[in-house]
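The values are calculated or read from the model by the stated rules, or taken from the named source; none is laboratory data. Given the structure is predicted, the values throughout are model-derived calculations rather than measurements. Here the Cβ positions follow ideal geometry from the backbone for every residue, glycine too, while neighbour counts run over all protein chains shown. For the accessible areas, the whole protein counts, side chains as well, though only heavy atoms, and no ligand, DNA or RNA atoms are used. Shrake-Rupley method; radii C 1.70, N 1.55, O 1.52, S 1.80 Å.
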Amino acid sequence: MKRFSSNKLGAIIGIVGMLVGCTSNQTALSNANNSSPTTQPTERIYPTAWPTSTPYIQASYATPMPTTLPSDWPLPPTAPVSVTEYVDLLTDFVNAQPSNREQLDALLNAWAEQHQSTNAAKIIGQQYRTVDLNNDAQAEILITLPAGYPPVLILLTLDANGVYQPNWTLLTDQANGYRIWLVRDLTNDGKPEIVVHNAGCGAHTCSESINIVQWQAAKFHSILDLSATNPTMNWADLNADGTFELIINRGKVGSDGAGIQRKQTEIYAWDGERYTLSSITPDPIDSQHPYWLLLDGFAALENDDYALAQILFIAAANAQAPYPAIGIEGNELELTSAIARFQTLYTALLAGDEATAQAFYAQTQQSDADDKQWAAAFMSIHQQTADLQAACTAAQNSVAADQYLTGFSYQHRALPIQSLLCGRLP
């Protein structure tokens, strides 16, 4: 929320428009699907950076091989061993005879069968790939291990005698079974980056991880390591500067128990040293729900943007059904509107807008919800003292200590009403 809080309401619309306008600069990295924008029921159009189904980078999947290996092929270690044993086995296999390099897929697929996985997700990419990382016209070999083995990225480079020498780095220890998704110059420095991908599924939800690695000065350098739930991931040169941005659309998980959710698009951009999060654009349809209007109002208030906060609180207070479906029903909607009306009253006074404050105070006194009590306690003190802090304390004291704005589950936490009135998101 804090990242979003710095955006103005107009900037939200501007960002969405920018992404739509930048689609002419998008470059599919291989086998692109020319998916068209998705028109929503309200006639808002998603940016084409938000794919409707498949990523721009097409997945390629290895064909399982029989478990019987030729007698001269190495078996995977049968007990926990150091990573170097895996690295040495594969290095020796490649160096044993030139034809073995072309058999790496078969060997790694056979190793994979030693660890049968119930993982329902398909991982993008290959387990081995021939590349030229330093533009010396010499073929290097990239290797990742199947699921069930250490999360290691191996690079075999030729020495002066034509013998492959190993280099390796461990990827995140929270996942294994990475594959090489992409090898391409993403940062416009003349040298390719390595993007490895991992995916896994639970009962209702799938997650994906990527790690972007550079090979420079004979060392690996990770420039991005992230995971996302039920995402789609694309690459595009959004501003036509020669560097590629990573565009991730995420925010919804496949479980009713996950609570209130909102999709969003995140853009990760190259800053000269790493890929960093440069923008978050919330889904414009989900954001029309009064719950998200309320929370976005709190975010604007935290940034001392009273004008935007007031616009968002008023929108939340006056929102009418039908609402976007985000998993909130019944009295939560009533409570959401009640908080929004009170916050409009409070924010108007902060901004010196007495007319709006009085109009919404009148609305609270016609309400059947709890804002009638909160506003009465607030105005009783404010009219006597003109002290906003004392009036806020009176309003907060009128709230039961165990009263929450719920609707959350394992992804989030409930929000105590006492901390919301005149306050900030906890």
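Any chance segment 176-195 includes a residue that's in contact with a helix residue (DSSP H, G or I) (Cβ under 9 Å, 6 or more places away or on another chain), at pLDDT below 90 and over 22 Å from T91 (Cβ atoms)? Before you say what the answer is, go through the steps one by one.
We begin by selecting, within segment 176-195, every residue in contact with a helix residue (DSSP H, G or I) (Cβ under 9 Å, 6 or more places away or on another chain); these are 177.
From the residues that got through so far, the ones that are at pLDDT below 90 too are 177.
Adding the requirement that they be over 22 Å from T91 (Cβ atoms) leaves none.
Looking through segment 176-195, none of the residues is in contact with a helix residue (DSSP H, G or I) (Cβ under 9 Å, 6 or more places away or on another chain), at pLDDT below 90 and over 22 Å from T91 (Cβ atoms).
Just to be sure before I move on: is A147 open to solvent by 10 Å² or more (accessible area, probe 1.4 Å), modelled with pLDDT under 95, more than 21 Å from P192 (Cβ to Cβ) and not basic (K, R) in the structure I sent? Criteria met by A147. Given the criterion modelled with pLDDT of 90 or more, open to solvent by 30 Å² or more (accessible area, probe 1.4 Å) and of a type in the set (A, V, I, L, M), identify the matching residue among A240, A236. None of the other options fit; the residue is A240. When the test is whether a residue is in a strand (DSSP E or B), modelled with pLDDT under 90 and open to solvent by 40 Å² or more (accessible area, probe 1.4 Å), S278 does not pass it. Of all residues in segment 151-182, those satisfying the criterion of being open to solvent by 30 Å² or more (accessible area, probe 1.4 Å) and closer than 22 Å to L226 by Cβ are W168, T169, L170, D173, Q174, N176, R179.
The residues of segment 72-88 that are at pLDDT below 90 and among the polar types (S, T, N, Q), listed by number, are T78, S82.
Residue by residue, here is whether (1) of a type in the set (S, T, N, Q); (2) outside the structural domain of T130 (by the TED database) holds:
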residue: T187; (1), (2): yes, no
residue: G202; (1), (2): no, no
residue: T205; (1), (2): yes, no
residue: Q214; (1), (2): yes, no
residue: A218; (1), (2): no, no
residue: N239; (1), (2): yes, yes
residue: F244; (1), (2): no, yes
residue: Y268; (1), (2): no, yes
residue: D271; (1), (2): no, yes
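Across segment 108-119, what is the number of residues that are assigned to a loop (DSSP other than H, G, I, E, B) and either modelled with pLDDT of 60 or more or open to solvent by less than 80 Å² (accessible area, probe 1.4 Å) (or both)?
Here is the first cut: in segment 108-119, the residues assigned to a loop (DSSP other than H, G, I, E, B) are 113-119.
From what's left, either modelled with pLDDT of 60 or more or open to solvent by less than 80 Å² (accessible area, probe 1.4 Å) (or both): 113-117, 119.
Number of matching residues: 6.
Residues that are open to solvent by 60 Å² or more (accessible area, probe 1.4 Å) and touching a residue at least 40 places away in the same chain (Cβ under 8 Å) number at least 1 in the following helices (runs of 4 or more DSSP H) confined to segment 289-405: 290-302, 306-318, 354-365. Here is the figure for segment 243-271: residues that are modelled with pLDDT of 95 or more, open to solvent by 30 Å² or more (accessible area, probe 1.4 Å) and of a type in the set (G, A, S) total 0.
Please note which strands (runs of 3 or more DSSP E) are completely contained in segment 178-250 and include at least 1 residues that are without any contact (Cβ under 8 Å) to a residue 40 or more places away in the chain and not hydroxyl-bearing (S, T, Y).
Values: elements: 179-184, 193-201, 206-216, 219-229, 232-236, 245-250.
Counting at least 1 such residues, we get 193-201, 206-216, 219-229, 245-250.
Within segment 184-241, being β-branched (V, I, T) and closer than 22 Å to V253 by Cα holds for T205, I210, T229, T232.
Mind listing whichever residues of segment 150-177 are assigned to a strand (DSSP E or B) and either more than 18 Å from N135 (Cα to Cα) or among the charged types (D, E, K, R) (or both)?
Just the residues of segment 150-177 that are assigned to a strand (DSSP E or B), to begin with: 152-158, 164-170.
V152, L153, I154, P166, W168, T169, L170 - these are the residues of segment 150-177 that are assigned to a strand (DSSP E or B) and either more than 18 Å from N135 (Cα to Cα) or among the charged types (D, E, K, R) (or both).
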